[in-house]
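Step one of this worksheet: look at the structure below.
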Amino acid sequence: MIKNFEQLPLVLTVPQVAQALNLGRDTTYNLVRAGIIHSVRVGHQYRVPKAALMEYLAA
């Protein structure tokens, strides 16, 4: 689990989000696909803004 969220990049991949939240990759993809964690699609890949991750944690 990431201890210092300030060091995260502004935009994260789903595996980076999974590592930051200490969740499995499939669980994280399910949260992203369901819209629980807001993301942006770039081609066939999801990108999660750091602000969206912080918003998810604040909920």
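The values are calculated or read from the model by the stated rules, or taken from the named source; none is laboratory data. Computed from a predicted model, the values in this text were never measured in an experiment. Glycine also receives a Cβ, built like all others from the backbone with ideal geometry; neighbour counts cover every protein chain displayed. The area values use the complete protein model at the heavy-atom level, side chains included, leaving out ligands, DNA and RNA. Shrake-Rupley method; radii C 1.70, N 1.55, O 1.52, S 1.80 Å.
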Only one of Y46, Y56, Y29 is surrounded by 11 or more Cβ atoms within 10 Å (Cβ to Cβ), free of Cβ contacts under 8 Å to residues at least 40 places away in the same chain and not in a helix (DSSP H, G or I). Can you tell me which? Y46
Subset of region 1-12 [open to solvent by less than 40 Å² (accessible area, probe 1.4 Å) and at pLDDT 95 or above]: L12
Count of region 13-33 residues which are in contact with a Pro (Cβ under 9 Å, 6 or more places away or on another chain), over 14 Å from Y56 (Cα atoms) and polar (S, T, N, Q): 1
